[in-house]
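What follows is calculated from the coordinates using simple rules that are stated; it is not laboratory data. What you see is a predicted model; the values in this text were computed from it and never measured. Here Cβ is always computed from backbone atoms with ideal geometry, including for glycine, and neighbour counts include all displayed protein chains.
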Amino acid sequence: MIHVHHLEKSRSHRILWLLELLELAYEIHVYQRDPKTQQAPEALKSIHPLGKSPVITDGELVVAESGAIIDYLIQTYGNGRLQPSLDKTHDWVDYRYWLHYAEGSLMPLLVMQLVFKQVPKQSPWFIKPLAKGIGDTVSQRFLNPQLKQHLSFIENHLVQKGSFAGEWPSGADIQMSFPLQAMQATRSLAAYPAITGFVERIETNPAWQRVVERAGPLTMPGE
């Protein structure tokens, strides 16, 4: 039995989706965020020292980090499914690229944007206008242009290939699901029909719908 340590409003829905796609038995352990700080509870540190989610346990083995968890589950239980074979060189390179791009390049921008939105809310009243002004400036001059560039890059890839790597869904598609769903929840993606279609494809997938039935809908920090 695989145990998923699932923090509300976190990135672990995609791990549940992978488990459903692989038709593996699993148990969910749900943790609530602190209502004031939005941080994970101390209890998660008993599973992994950093106290982050997602984390899975498989017997005595503890695996953290979404990309590592996806790699572990597919390599251990996939039986060749959900990833391109090494002989399909271009698809294999795409798979590795997008598996790392999601957290290495795209998510830092989204986290920065979330932080700058939350800082004014957590600041004393007399600092709120200043904090909001700084956050708005960083978003307008840096984050929004960067995100626009990334969205165009992702859109062009999906227009050309239809998925992130080989047959849909691969582990790369699963890894990319969270940042794209997060962006759709916080902004209009009407200018990016391929991305919109990709997210719709996830949310109409029977395995994803089973996740929602079992763990509830995907929500974002700050909602």
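So between residue 167 and residue 72, what do we pick up on full extension, going 0.36 nm a residue minus the alpha carbon distance?
32.3 nm
Go ahead and run the numbers for FRET between residue 107 and residue 8, Cβ-Cβ distance against an R0 of 25 Å, rounding to 0.05.
0.90
So how far apart, in nm, are the two label points at residue 153 and residue 212 if each is 7 Å from Cα heading toward Cβ?
The modelled label-to-label distance comes out at 3.0 nm.
Can you list the residues, at least 5 places off or on another chain, whose amide H is less than 5 Å from the amide H of residue 12, using H built in the peptide plane?
7
Put +1 on the Cβ of every Lys and Arg and -1 on every Asp and Glu Cβ in the chain; which of 146, 6, 98 then has its Cα farthest towards the positive end of the dipole?
Positive-most Cα among the choices belongs to 146.
Run through the range 1-105 and list the GluC sites (Glu not before Pro) located in a DSSP loop whose Cβ has at most 14 other Cβ atoms within 10 Å.
Loop-located and lightly packed - 23, 60.
Among [x] 1.21; [y] 0.98; [z] 1.00, find the value of Rg/Rh (Cα atoms, Kirkwood Rh) that was calculated from the structure presented, and write down its label.
Derived directly from the coordinates: [y].
Taking square-rooted eigenvalues a ≥ b ≥ c of the alpha carbon gyration tensor, is the range 16-58 rounded, prolate or oblate, where a/c under 1.5 means rounded and, failing that, a/b exceeding b/c means prolate?
prolate
Collect residues whose amide H, placed 1.01 Å from N in the peptide plane, falls under 5 Å from the amide H of residue 39; neighbours closer than 5 in sequence don't count.
34
Suppose a student asked you for the relative contact order of the chain, using Cα pairs under 8 Å spaced at least 6 residues apart; what percent would you report?
With pairs under 8 Å counted, the relative contact order is 24 percent.
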